[in-house]
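Here the structure is laid out as structure tokens; the discussion comes afterwards.
Readers should treat all values here as calculations from the given coordinates under stated rules, not as data from a laboratory. Owing to the predicted nature of the structure, the values given are computational and were not obtained by experimental measurement. We place every Cβ from the backbone using ideal geometry, glycine too, and count neighbours over all the protein chains shown.
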Amino acid sequence: MKPTKLFFRLLFCTFMLNVFFMNAQQDNYKCAFDDDSYIPLVSCNQTGSADPTILDQFDPIVVNVKFWGINRPNGGGNDFPNREHESLTAIAKLNIYFNEYKIFFKYGGYEEFDSPIHYWDQDGDGIPDPDLNGFYILEQTYPHISALEEWASQNGKKDANAVNVYLYGYGVFGGWGGYPDKFTVGKNSGAMTTPGMLHEMGHDLTLYHTRSGSEHVTRKEFLPDGSINPSFNARTAGDRVEDTAAEPGYLRRSDGTYPYIDANCNYIFGFQFDNSDEHEAYDPTPADVANILSDAYDCVDYIVTVGQGIRAREALACGDYAPAIVPISSLYEPYSGEYFDPNLPNDVLYKPLFQPGFEYRFLECDCDCPEPVAYENINFSYTQYNIKEISKFEEDYSKIYHPNHSAIGIKIENEPIFWPQPRRCYDNPYRKPNSGSVTLFNDGIFNGNVTLMPKDSTGINNPNLIDELPSGLYVIDKIYSEGNTEQTVIQKSGN
Ligand SMILES: [Zn+2]
């Protein structure tokens with residue numbers, strides 16, 4: 001009798017369960033997503049093409065992402081105290097590797113909840129048994145994923161306007177994405193900042209694993225005589241993306257090994273062949289082996305191909321994701337912290353923080369606006385002077401805040417103008433400098449013959465500072481707690 005696919009799946013699950021109970025504390029990177037049963041969106045036109053000019057027809061789009069940390073039942077805590085911070089890291093990495101395909105991710109916040117006790121049949125007698133680990137440990141793939149998703153959505157643990165990322169503790173798998181619900185992703189908490197997070201979000205945006213026995217090796221769409229090559233199926237078979245190589249799956253599920261991957265993550269050529277009439281040998285490159293949607297889990301790196309980026313962006317062009325799409329202006333909103341309140345001066349409070357993963361330029365601006373102006377309001381003046389510049393690789397997230405007297409520039413990759421109009425000028429006159437200096441030019445002209453008078457907070461904020469200066473040419477420098485400076489030239493002529 002020919003073994004059925006179901007038989008293999010049962011075998012796989014049984015094997016994974018055994019491994020899991022032996023190594024409950026190990027991270028598992030293998031993904032639960034099953035390409036065969038996944039039903040792609042039908043309302044999208046997905047070309048499978050890797051022609052980057054296709055992206056020209058699309059505007060940048062922003063996906064709101066909410067993170068949920070799952071604890072053990074009854075407040076039993078968890079082994080992952082840094083999940084909130086790592087959620088920001090995950091958002092940064094998603095942006096760093098998807099922005100060039102005009103896909104942006106907005107950090108929609110992080111919350112934790114204690115799992116309920118989850119009842120399922122653990123001894124095979126048909127009667128559900130209490131699982132005291134709840135959803136903190138997921139022992140089965142689809143039954144437990146769908147049980148968690150159902151519980152979360154019925155108990156206020158799902159944001160209807162976001163893709164919800166559930167961070168469980170451990171599982172027999174390392175994550176899932178977009179199945180059965182396209183507004184959910186799961187990831188084991190020990191691997192939130194690995195390429196696995198991009199892998200699962202990729203699934204959520206309709207990317208398949210690169211593995212497939214039906215995709216042919218050839219990338220020649222036409223034969224030498226100009227006719228269509230019947231073996232060319234790169235855009236419609238396998239992962240439906242033409243710039244990822246055909247490959248039959250690197251992981252041998254029966255024993256968890258990679259028989260055709262060498263120690264350096266190179267594919268060993270000449271042993272596996274496609275099912276085209278030509279029976280071409282599979283020949284994926286090292287970048288294919290390390291692709292984010294590869295199942296060579298030990299080799300995966302942050303590699304997203306142009307074709308994958310286009311397929312994901314095309315998916316987002318459908319209405320299917322509309323509830324989780326937020327406007328570009330949301331990127332210019334802080335995820336935490338507040339703007340300065342002159343009635344409650346407390347510097348610690350006033351750090352409006354912006355999510356990591358973008359190139360920011362905070363450009364000097366002028367609008368006399370104690371609160372930042374609305375995104376739509378560009379009726380303010382600004383200069384090209386960077387009060388602060390932030391790299392998308394910045395790891396000290398406390399540095400990414402909006403300084404006074406500046407407007408926010410966010411680099412939009414893959415646009416003709418990388419740096420769009422800066423927005424949200426914040427120019428609060430009540431924000432006082434905390435130090436500074438007065439420089440007197442002794443000769444009455446700008447040269448090196450100066451007298452420098454440093455000022456502390458009281459000195460620089462003295463309302464009579466200018467009145468009290470003798471006649472002469474001065475430069476007054478004010479230094480603000482956000483790190484920015486302001487310089488004024490004073491020509492004082494008689495008191
Ligand atoms: Zn996967």
Helix 195-204 vs. the chain, principal-axis angle (Cα, 0 to 90°, nearest 10): 70
Helix 306-316 vs. the chain, principal-axis angle (Cα, 0 to 90°, nearest 10): 80
Table column - 3J(HN,Hα) (Hz), region 265-274, Karplus curve with 6.51, -1.76, 1.60, x for Gly and Pro: 6, 9, 6, 8, 6, x, 10, 10, 10, 7
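Could you work out the Rg to Rh ratio of region 435-492, with Rh taken as the Kirkwood radius (inverse of the mean 1/r over all Cα pairs)?
In region 435-492, Rg relative to Rh is 0.96.
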Sorted by Cβ density within 10 Å, fewest first, the residues 419, 176: 419, 176
Cα gyration tensor shape of region 99-195, rounded if a/c is under 1.5, else prolate or oblate by comparing a/b with b/c: prolate
Normalised contact order of the chain, rounded percent, pairs of Cα under 8 Å and 6 or more residues apart: 14
Viscosity 1.002 mPa s, temperature 20 °C, Stokes-Einstein D of region 251-325 from Kirkwood C-alpha radius, µm²/s: 146
Listed residues 156, 209, 136: farthest to the positive end of the dipole of the chain (Cβ charges): 156
Calculated P(r) of region 109-148 - Cα pairs past 13 Å, %: 54
Rounded to 5, percent antiparallel among DSSP beta bridges of the chain: 65
Convex hull volume per residue for region 211-353, taking Cα atoms only, in Å³: 206
Between helix 142-154 and the chain: long-axis angle, C-alpha atoms, 0 to 90°, nearest 10: 40
Isotropically averaged projected area of region 329-429, using the convex hull of Cα atoms (one quarter of hull area), nm²: 6.4
Where only C-alpha atoms are counted, convex hull volume of the chain per residue in Å³: 212
Amide proton proximity set for residue 238, modelled H, under 5 Å, gap of 5+: 214, 215
Under 20 Å from residue 392, Cα to Cα: lysines that are on another chain or at least 8 residues apart: 93, 102, 106, 351, 411
Student exercise, the chain dipole from Lys, Arg, Asp, Glu Cβ charges, in Debye to nearest 20: 560
Counted charge near residue 261, where neighbours are those whose Cβ lies closer than 12 Å (Asp, Glu -1; Lys, Arg +1): -4
Principal axes of region 38-113: Cα extent on each, largest first, Å: 51, 28, 17
Bins of 10 Å, starting at 0 and running to the largest distance - Cα pair percent for region 119-267: 10, 28, 30, 20, 9, 3, 0
Computed [θ] at 222 nm, helices only, for the chain once each DSSP H run of length n ≥ 4 contributes -39500 (n - 2.57): -4500 deg cm²/dmol
Formal net charge of residues neighbouring residue 367 (Cβ-Cβ distance under 11 Å; K, R +1; D, E -1): -3
³J(HN,Hα) computed for each position of region 102-107 - Karplus, 6.51 cos²θ - 1.76 cosθ + 1.60, integer Hz, glycine/proline x: 6, 10, 10, 10, 9, 5
Given the chain, longest segment not containing exposed loop GluC sites (Glu not before Pro) (DSSP; at most 14 other Cβ within 10 Å): 1-220
DSSP-loop chymotrypsin sites (Phe, Trp or Tyr not before Pro) across region 239-347, with at most 10 other Cβ within 10 angstrom: 271
